[in-house]
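Let me begin by presenting the structure, written as structure tokens, before commenting on it.
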Amino acid sequence: MNTILRKSVLGVAGLAFTGGVFAGPVAAHAVDTTRAVKPVTATVQSDKLIPHGVQGDQSRIDLNDEQTANVKAIIAATKKAGMDERAAVVSIATALQESKLENLGHLGDRNDHDSQGLFQQRPSSGWGTVEQITDPEYSTTAFLKGLKQVDGWKDMPLTKAAQTVQVSAYPDHYAQWEQQAADLVAKHWNS
């Protein structure tokens, strides 16, 4: 199949998938607390957390206790894997895009795939069992294992590193969460 046709087919499949994935979480919540904010000036910690600066407008959501616990679980799993703060930023930004840091179960009729958990990993794609991918430590470790296999991930923009692991129909959407992910890592890395 030629490249243009392949990209078109993958794009259509991705639209169908994303429509199912994101229709579920949006419909499940009464209020969408996502808000777009302009890129912010990098902080002192940005050299380590945001080495390439943020790409485009940034989004931000208010986190509840469950989402904050998931941030802490991602950070703990990152440390356990022997990876640094930048890996935690990439992981948290990815989970913000995929699930808004909610450990989602199967979405039933609102989801035509078997994606679940913080990273919307699929048992049918070999990420693990449903029980595994809905465990924050396991799903983060699986994501980080994929990230470690990306040559030069530390030297590429966050969205490219995340996309290489996730293979999303919307590869640029990870970028919008980089500042909030960096802020969360700065706040919780040493707590």
| message | If you count only protein heavy atoms with a 1.4 Å probe, what accessible area per residue comes out for the range 70-191, rounded to a whole Å²? | response | 41 Å²
| request: Let me know the shape class of the range 128-191, please: from the alpha-carbon gyration tensor, a ≥ b ≥ c as square roots of the eigenvalues, rounded when a/c is under 1.5, otherwise prolate if a/b is greater than b/c, or oblate. | output: oblate
| remark: Note, the range 78-84: 3J(HN,Hα) by Karplus (6.51, -1.76, 1.60, θ = phi - 60°), whole Hz, Gly/Pro = x, goes 5, 4, 4, 7, x, 9, 9
| field | For the range 135-174, size of Cβ-based charge dipole, Lys and Arg +1, Asp and Glu -1, in debye | value | 100 debye
| Between their Cα atoms, which of Lys79/Lys100; Lys80/Lys100; Lys48/Lys79; Lys72/Lys148; Lys79/Lys154 are more than 18 Å away from each other? | Lys79/Lys100; Lys80/Lys100; Lys72/Lys148
| message | Over the Cα atoms of the range 81-191, what radius of gyration and what Dmax do you get, in Å? | response | 13.3, 41
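The values are calculated or read from the model by the stated rules, or taken from the named source; none is laboratory data. The model shown is predicted, which means the values in this text are computed figures rather than measured ones. Reconstructed Cβ throughout: ideal geometry from the backbone, glycine too, with neighbour counts over all protein chains shown. The accessibility values were calculated without ligands, DNA or RNA, using every heavy atom of the protein model including side chains. Shrake-Rupley method; radii C 1.70, N 1.55, O 1.52, S 1.80 Å.
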